[in-house]
Amino acid sequence: MTAAARLRTLYDTLAAAYGPQHWWPSESPLETMVGACLTQGTAWTSVERSLANLRARDLLHFDALLALPEDELRELIRPSGFMQRKAVTLRALLALVATEYGGSLERFAEAPAETARAQLLAITGIGPETADAILLYALGQPAMVVDEYLRRVVVRHGLAPERARYAEVQQLALAAFAGERDPAALADHCNEFHALVVEVGKAHCGRTPDCAGCPLRGDLERHQQARE
Ligand code: SF4
């Protein structure tokens with residue numbers, strides 16, 4: 001079985017074990033975009049406190065957020081940490097949507113995925129993982145998010161080398177859905193795949209793997225036996 005086929009089987013196993021995940025946990029695409037920027041290097045609970053600050057001031061609207069002075073934004077997102085850098089990044093992101101798409105996330109979502117991704121990556125503070133999270137969860141594009149949890153799973157299961165680059169892991173994960181031709185259906189798979197990997201990562205596959213009771217233990221054991 002190819003690595004991509006095995007990864008697809010792992011996805012099916014996780015889906016059967018955990019069920020639909022219904023990500024992203026937000027109330028609007030704008031909130032998702034803001035959350036994706038704020039969650040870098042920070043627990044989601046801290047991001048929720050920042051989002052609650054913005055919501056309490058009725059600022060989770062594009063024009064209101066764009067007009068917010070940087071020093072005020074910094075204070076409101078303080079719970080997420082790195083507030084100075086994240087405020088600059090957020091304002092650059094809002095400026096991109098304002099200048100290129102007239103302030104419309106719907107129009108941003110209609111841009112070719114490669115164009116939108118390149119524009120996101122051109123913003124200081126937005127790396128591939130954040131760009132792909134915005135593409136997928138805020139804009140509905142079929143982008144595969146590669147995070148530390150996915151990296152651990154594919155490396156520990158022998159599906160990718162330890163030093164695999166972001167793009168390599170992403171291509172492997174996309175290859176698991178190579179038969180899916182419908183972009184919307186592929187986006188749904190990318191959405192569920194990332195959410196399920198985070199779920200198994202939090203429950204079992206942290207810095208120290210806790211394989212007992214993990215839904216993916218069977219695949220790991222077969223992989224280890226095949227190597228012996
Ligand atoms: S905890 Fe073990 S079985 Fe589960 S995904 Fe990680 S390495 Fe695989």
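The values are calculated or read from the model by the stated rules, or taken from the named source; none is laboratory data. Note that the structure is a prediction, hence the values are computed from the model and not measured. Glycine also receives a Cβ, built like all others from the backbone with ideal geometry; neighbour counts cover every protein chain displayed. Side chains included, ligands, DNA and RNA excluded: accessible areas come from the protein's heavy atoms. Shrake-Rupley method; radii C 1.70, N 1.55, O 1.52, S 1.80 Å.
Which trypsin sites (Lys or Arg not before Pro) in region 161-223 sit in a loop by DSSP (not H, G, I, E or B) and have at most 10 other Cβ atoms within 10 Å of their own Cβ? Sites meeting the loop and neighbour criteria: Arg163, Arg181, Arg207.
Using the Cβ of Arg85 as centre and a radius below 13 Å, the other residues enclosed give a net charge of +3, where K and R count +1 and D and E count -1. Heavy atoms of the protein chains alone define the surface here; on that basis the chain has 49 Å² accessible area per residue at 1.4 Å probe size. Helix 83-101 axis versus longest C-alpha principal axis of the chain: approximately 80°, rounded to the nearest ten.
Between region 13-60 and region 168-207, what is the C-alpha centre distance in whole Å? Computed from Cα coordinates, the inter-centre distance equals 18 Å.
Roughly how tilted is helix 44-56, in degrees to the nearest 10 and between 0 and 90, from the longest Cα axis of the chain? Value to nearest ten degrees: 30.
Once every DSSP H run of n ≥ 4 in the chain is given -39500 (n - 2.57) and the sum is divided by its residues, what mean residue ellipticity at 222 nm do you get, rounded to the nearest 500 deg cm²/dmol?
Per the formula, -19000 deg cm²/dmol.
Spin-label model, Ala167/Met1: points 7 Å from Cα along the beta carbon direction are separated by 2.9 nm. On region 1-129, 55 percent of the accessible area sits on carbon and sulfur atoms, based on a 1.4 Å probe. Spin-label model, Ala185/Arg207: points 7 Å from Cα along the beta carbon direction are separated by 4.2 nm. Counting only alpha carbon atoms, the long axis of helix 217-227 and the longest principal axis of the chain meet at about 50°.
Treating only the Cβ of Lys, Arg, Asp and Glu as charged (+1, +1, -1, -1), what charge dipole size does the chain show about its Cα centre? Round to the nearest 20 debye. Show your work: numbers first, answer last.
Working: 23 positive and 29 negative charges, 148 e Å.
The dipole of the chain has a size of about 720 debye.
Computing FRET efficiency as 1/(1 + (r/R0)^6) for Glu221 and Phe82, where r is the C-beta to C-beta distance and R0 is 45 Å, gives about 0.65.
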